[in-house]
Each structure stands twice: as C-alpha cells, then as structure tokens.
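These notes are about the structure you will find just below.
The values are calculated or read from the model by the stated rules, or taken from the named source; none is laboratory data. The structure presented is a predicted model; accordingly, all values stated were derived computationally and were not measured. Glycine also receives a Cβ, built like all others from the backbone with ideal geometry; neighbour counts cover every protein chain displayed.
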Amino acid sequence: ALLVIIYRKQRFSDLAYVLMACLVFLHTIGGHFTFERVPFDFVSDLFGFERNHYDRIAHFTVGFYAFPCAELLLSRRLVNSKTILALFPIFFIVTVAAGYELFEWWYAVHADPAAGIAVFGSQGDIWDAQKDMLADSLGALAATGLFFAMRWREIKQALLRA
C-alpha cells in the first residue's frame, strides 16, 4: 500500500519492484500454509535437510529491499559517499530484521507460547532467529551488490556532482 501512495513522488526501477514482489509472493505462500508446512520437501530431500528451509528463502528475499533503499538514497541524493550508499541499505535491513525477530520472540513468550511456535515456525531450532537475520543480511548483501553492479556509472556520476 505504501508503494502505491508514494508512486507519484518516488518511482523505483522495474527490477526494484520485481525484487520487492518476491518477498510479497513468498510471504503470501508462507502465510497460506504457515512457513513450516509449505510443500518445499523436494529441497529438503535433495540436500538431506531435516527441516523445511522455505522460511530461510523467504528471509533472504527480505534483504532484496536493500535495492530500492539504495535507489531511494541515490535518486534523492541523500548520501554523498559510495561507502554510505553501500552500507546504509544493508544496515537498514539488518536493523529491521533484528527488530522483527525481537518482536517475534516477545510475542512467542508473552502472548501465546503455543501459537508463537506454530506461527513463527522455528521448527525446534534454538538459533532460528539468528539464522533468519543472517538470511536477511545475505539477501541485503546480494541486492546491494546487484545495485552497484547495475548502476556503477550512475553512482559515480551522481556522487561526483554531490
């Protein structure tokens, strides 16, 4: 909904919208089945995993939002350093991911422990929150790397004018 509201003031590239849609698509499927029960067994069977790693793939796509974040910073000239342009989107995603995992933990402990475990699908992994944040971070690194690879000339020109 936010993207529709800001569309006239801030348009992102087609690739940014595709990357953002990946998260929405995977979370819609995860919400339908719950992440633990998404029929993703072929991957577990192929690699010999004991748990369903669909939620890790979905968390990786959270990091894709680093791409439009970097686009926003560049188009609005909010930064004048390649280092900050590279690091801010990654740190932003890591911060949001950590905040979400803290909220998830709080909800699981205080609201309804049985529901928390079922809804958030840790699947008995005590390091689930940390692994989810790692997946978010790796997705952000990949998206930021893609942004720099695709927009290197534009980045250099924009930051030279700054």
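See the values below:
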{"read-out": "Residue match in the stretch 138-158 (condition: over 27 Å from R77 (Cβ atoms) and either aromatic (F, W, Y) or modelled with pLDDT of 90 or more (or both))", "value": "yes"}
{"read-out": "Those helices (runs of 4 or more DSSP H) lying entirely in the stretch 29-143 with at least 2 residues without any contact (Cβ under 8 Å) to a residue 60 or more places away in the chain and surrounded by fewer than 17 Cβ atoms within 10 Å (Cβ to Cβ)", "value": "41-47, 82-106, 113-120"}
{"read-out": "Hey, F92 out of contact with any Leu (no Cβ under 8 Å at 6 or more places or on another chain), among the aromatic types (F, W, Y) and over 14 Å from G139 (Cβ atoms) or not", "value": "no"}
{"read-out": "Tally of residues being closer than 18 Å to F67 by Cβ and not acidic (D, E) across the stretch 123-155", "value": "19"}
{"read-out": "The stretch 1-58 - residue that is farther than 30 Å from S75 by Cβ and among the polar types (S, T, N, Q) and, of those, modelled with the lowest pLDDT", "value": "S44"}
